[in-house]
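Data first, discussion second: the structure below is written as structure tokens.
Quick note: the coordinates plus some simple rules give every number you see, no bench work behind them. Everything numeric here is computed off the predicted structure, so don't read it as measured data. Using ideal geometry, Cβ is built from the backbone for each residue, glycine included, and neighbour counts are taken over all protein chains shown.
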Amino acid sequence: MALVQVLGRRRVRRGSGGPALVIGAVLLALLLAASFAAGTLTGHDPALTDLTARFRPPTAQHWFGTDQLGRDVLTRVLVAAGTDLPLALLGAAVPAVIGIVLGALAGYARGWIGTAVMRLADLIQAFPSYILLIVLVFLLGPGGGSFLVGAAVGAWVTYARLVRGVVLRLRELDYVRAAQAAGLGHTRVLLRHVLPNALPQAVVYAASDIVLALSYLAALSYLGLGIQAPGIEWGQMIAEGQPFLRNQWWVSVMPGLAIILVGVAVRLIAGGLERRLQR
Amino acid sequence: MSAAPLLQVDDVVVDYSHGRGSPAVDHVSLDIPRGRTLGLVGQSGCGKSSLARVVAGLAAPTSGAVRLGGAVLPTPRGRADATRIQMVFQDPSSALNPMHTVRRTLTELLLVHRRAPDRRAATDRAVELLELVGLGAAVLDARPRGLSGGQRQRVGIARALAVEPEVLIADEAVSALDVSVQAAVLNTLRDLGARLDLTMLFISHDLAVTRYVSDELAVMHRGRIVERGRPDDVLRHPRHEYTRSLVAATPRMDGPALSEAEEARPL
Amino acid sequence: MTPVLRITDLVLETGPASAPLRPVSHVGFEVAPGEAFGLVGESGSGKSLTLRAVTGLLPEGVRQAGGTLELERDGALRPYRFAEARGRGIGMVFQEPMTALNPTMRVGDLVTAGPRARHGWSRRTARSRALDLLAEVGMPDPEGQARMWPHQLSGGLRQRVMIAMALATEPSVLLCDEPTTALDVAVQDQILRLLHRIRVERGLSIVFVTHDLGVVRRLCDRVAVMYAGQVVETGRVDEVFTRPTHPYSAGLLRSMPTPDTPRDRPLAAIPGGQPGAADRPEGCRFAPRCAHAVPACARLAHTLAEVPGSPSRSACLRVAGLGGPPLDRRALIA
């Protein structure tokens, strides 16, 4: 206890997530910006096929080489970022928002609302999440919209459980009691006093979930259930390049590296957020 | 002392056991005249905190009622009644919203309950409140973890006073504080009681501390009030067996160390 | 007589080695055989960390950066190894018995688990030793309670079990970290009387860490008062509590309401608060809160010195006559 006192009085600088948060965010922002200007940056058209230039290995002219149709892989990887990143962000954010709202309600109101939410959560958790996603997308038809619906249905449960647990603990704290005793309405207490203190953990979790959403999307596309041509997407690119992996590795490996890069950036962001939001 | 009681606790029972065990609060009746402080002493688990929550309107009694100025206060309290009884909590580390600045903690209440017309006036009033509890405008933009335990507890008192309550409950409000800080907060509470003509219910496990701030003392044991009287009478001539053991166990600085005679007492 | 435990110049550090914080700086004391020694201070004073350093159980991130720790062995003080000392020599009693007792062992097994493993006692020996110990710490029904689980016992009984566990290693010093703080007043009183009896009967030394002056008054022979990581006053309890030689000890005593405190005037509070390890002033760390501070207080380094006309030692340079205008210790409690 004494130690907590000693250390607790050290001033912890707030508002700084350290360099990790900045580096991660800059990486993602650069990638996104590059995707919009891909053609200008590389001087190639992502869709232009040139059968005379098939399978060129990486050179000064084609940094990432060309694919089986002679298209510039770097340009395509960059353009795909414009599809993958927004979908991955939404794929993490949509279930997070749904889960946080339902979880907060379930924790604060308890009663039948709480019970209903948690039974629904049990039901959904009975299915493996990959299977649930694939079945839903199969039923709804391939595409980005179906992916988002599928991701939201499966992934909100974790957030709901997480936030409900935190809210159950917070609602017993004195400052929440004090707010109630002072006659503040339930909506205000929930929105101003409970939820903001429950959010940090969910936000950190959602940040690391971006990678998971990205891998789900890539996996769907790989299976042919995700983004359809002429749309360009990393998982789809990997699938297309797979038959040539032995000799023309760059066709699959370059989009794979892009996914890893995003993974690293997201990890940095999540780690930075965690340090910043931790009290 | 003959003034009509402002706060009346009327035969309150709090029973979590649904009739299977002894109730946490067992038919307790108390009354406090306006402007007076009633000290409630008891060990942890004696039911004093359950009683405090009922009086504050945070929990409904199993039976019985809380009256203010003669009229029964319903639970949950309506918006108008909610501000009439306020509470200062025990644990300075959880009593304030960690994300809110002191300014926000105080102005939120002032604005919601229309104790101030706008943000500016609310801030002015917040500074007044902070000065009242021995702090100043300097802490306005601090968050709880930038404050010491004693400062947090003072902000907690200012928050309770912001809505101009008629009754203030202090539930172990100084127990978590260091001795040297506790004294200053006790002085503030006593001083406020006199200046604002506050009616107070001061709850503590510490007999000496409670005696110091109270006009009247009630001793609670196993859910019941076992003794009640003027503080010095209770301490000097405890009538109930439990009170006697409490008085005997309260250390005195000038008192004896453990002696041979005490060794002989059964453990 | 050789002390049983001596701590000299203990320095504890946290944080980066380049810019460390010192929650405890140059703390020293010694404990005589059969003596009860109180280490008293408010939270953040470093008293609990000091005790944990003695047992080698410092929390993560805190390291010993200086000082020696010695235990008596064969008539002489020697530095000791923690693991060895914990098995014999030193017994420990913590504040929260529920977290310190293994919940998966029955009370009877728990009490003698340590020595049984060490000495290879048979089940029978361990059992009869356990019953003896449980009886010694005043368990009302040793046979019955030996078969119980820790969670089935009340807080006071759990604390007795922890004391029995500590005694099972036949220690020469019992280290107690706020063992009565979580208990109700009446139970606290019983535990204090139990510790007192054990000490008298076994000739055991006790180091008792607490923020509660009343507890020290009842149990201890000598006391060291800690403030902001340093000892500011040390001496016999009857002296320190009635004729303090440091403004902080005097302030603590005066700020505590007792059953006899006059109710018609304010309590004598000490203004401000104890500085954390990161923002301690130069010179005397209490000076910013002290009514008797003079400019010299901010300059002179901390030292514990004899006080003219008093058996206590004080870090107040004015009272000890080390600098600044001399201050009579009687002025402290006026």
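Go ahead and run the numbers for FRET between C:R265 and C:A296, Cβ-Cβ distance against an R0 of 45 Å, rounding to 0.05.
Values: r = 32 Å, r/R0 = 0.71.
The value I calculate is 0.90.
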Please find, in a Gaussian network model of chain A (springs between Cα atoms separated by less than 10 Å), the residue of A:V135, A:V157, A:V203 whose mean-square fluctuation is greatest. A:V135
Mind giving me the nanometre distance, one decimal, between the label points for A:A60 and C:A83, set 7 Å out from Cα along Cα→Cβ? 6.5 nm
Report ³J(HN,Hα) in whole Hz for each residue of segment C:20-37, in order, from the Karplus equation J = 6.51 cos²θ - 1.76 cosθ + 1.60 where θ = phi - 60°; Gly and Pro get x. x, 9, 10, x, 10, 10, 6, 9, x, 6, 9, 10, 7, x, x, 8, 9, 10
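I want to verify the translational diffusion coefficient of segment B:134-205 in µm²/s; compute it with Stokes-Einstein, Rh as the Kirkwood radius over Cα pairs, at 4 °C and 1.567 mPa s.
In µm²/s, the coefficient is 101.
Give the relative contact order (percent, whole number) for chain B; include only Cα pairs under 8 Å separated by 6+ residues. Please list the in-between numbers first.
Working: 486 pairs, mean separation 65.8, N = 267.
Computed value for chain B: 25 percent relative contact order.
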Shape of segment C:200-277, Cα gyration tensor, a/c cut at 1.5: oblate
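In percent, what relative contact order does chain C have, based on Cα pairs under 8 Å that are 6 or more apart in sequence?
Values: 649 pairs, mean separation 64.2, N = 334.
Relative CO of chain C lands at 19 percent.
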Consider all pairwise Cα distances in chain B and report the whole-number % of them above 34 Å. 21 percent
Scaled to the compact-protein estimate 2.2 N^0.38 Å, what is the alpha-carbon radius of gyration of segment A:182-253, rounded to two decimal places? 1.91
Say a paramagnetic label sat at a point 7 Å from the Cα of B:D233, along Cα to Cβ; which residues of segment B:30-55 have their backbone N under 16 Å from it? B:31-33, B:37-39
Calculated Rg and Dmax of chain A using C-alpha coordinates, Å: 22.8, 77
Work out from phi, with θ = phi - 60° and the Karplus expression 6.51 cos²θ - 1.76 cosθ + 1.60, the ³J(HN,Hα) of each residue of segment C:71-86, listed in order in whole Hz, and give x for Gly and Pro. 10, 6, 8, 6, x, 9, 7, 9, x, 10, 8, 4, 4, 5, 5, 6
Give the angle, between 0 and 90 degrees and rounded to the nearest 10, that separates the Cα long axis of helix A:195-222 from the longest principal axis of the Cα atoms of chain A. 20 degrees
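Assuming R0 = 30 Å, can you tell me the calculated FRET efficiency for the pair B:A80 and B:S29, based on Cβ-Cβ distance, to the nearest 0.05? Spell out each step's value before the answer.
Values: r = 26 Å, r/R0 = 0.85.
Efficiency computed from Cβ-Cβ geometry: 0.70.
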Among residues other than A:L78 whose Cβ falls under 11 Å from its Cβ, what is the net charge (Lys/Arg +1, Asp/Glu -1)? -1
For segment B:97-163, count all C-alpha to C-alpha pairs, find those more than 20 Å apart, and express that count as a whole percent of the total. 15 percent
The exposure ranking of B:E108, C:E60, C:E13, A:E233, fewest beta-carbon neighbours within 10 Å first, is C:E60, C:E13, B:E108, A:E233
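Take the alpha carbon gyration tensor of segment C:245-333, find the square roots of its eigenvalues, order them as a ≥ b ≥ c, and report rounded if a/c is under 1.5; if not, report prolate when a/b exceeds b/c, else oblate.
Values: a/c = 2.18, a/b = 1.33, b/c = 1.64.
Judged from the Cα gyration tensor, segment C:245-333 comes out oblate (a/c at least 1.5, b/c at or above a/b).
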Non-local residues with an amide H under 5 Å from the amide H of B:L40, with H modelled 1.01 Å from N and Pro and chain starts lacking one, are B:F202, B:I203, B:S204, B:A218
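So if I place +1 on the C-beta of Lys and Arg and -1 on the C-beta of Asp and Glu, and nothing else carries charge, what would the dipole magnitude of the protein assembly as shown be about its Cα centre? I want it in debye, nearest 20. Display every interim value, and only then the final one.
Details: 96 positive and 76 negative charges, 81 e Å.
Approximately 380 debye in magnitude.
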With 10 angstrom as the radius, rank B:R236, C:R197, B:R145 by how many other C-beta atoms surround their C-beta, starting from the fewest. B:R236, B:R145, C:R197
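Tell me whether the protein assembly as shown comes out rounded, prolate or oblate; compute the Cα gyration tensor, take square roots of the eigenvalues as a ≥ b ≥ c, and use a/c under 1.5 as the rounded threshold.
Details: a/c = 1.97, a/b = 1.59, b/c = 1.24.
Prolate is the answer for the protein assembly as shown, as a/c is 1.5 or above and a/b outweighs b/c.
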In debye, nearest 20: dipole of segment C:245-333 around its Cα centre with unit charges on the Cβ of K, R (+) and D, E (-)? 40 debye
Estimated [θ] at 222 nm from DSSP helical runs (n ≥ 4, -39500 (n - 2.57)) normalised by residues in chain B, nearest 500: -10500 deg cm²/dmol
Among A:S252, C:L192, C:A182, whose Cα projects farthest towards the positive end of the dipole of the protein assembly as shown, with charges put on the beta-carbon of Lys, Arg (+1) and Asp, Glu (-1)? A:S252
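Report the convex hull volume per residue for chain C, counting only C-alpha atoms, in Å³. Don't skip to the end; give the middle numbers.
Details: hull volume 49.1 nm³, N = 334.
Dividing the Cα hull volume of chain C by its residues yields 147 Å³.
How high is the relative contact order of segment C:229-334? Use alpha-carbon pairs under 8 Å, at least six apart in sequence, and give a whole percent. Please report the intermediate quantities before stating the final value.
Details: 146 pairs, mean separation 36.1, N = 106.
Rounded, it is 34 percent for segment C:229-334.
Take the Cβ-Cβ distance between A:L139 and C:T104 as r, set R0 to 51 Å, and report the resulting FRET efficiency rounded to the nearest 0.05.
Details: r = 50 Å, r/R0 = 0.97.
The value I calculate is 0.55.
So for C:E42, C:E30, fewest C-beta neighbours within 10 Å to most, what's the order?
Details: C:E42 25, C:E30 17.
The fewest-first ordering by Cβ neighbours comes to C:E30, C:E42.
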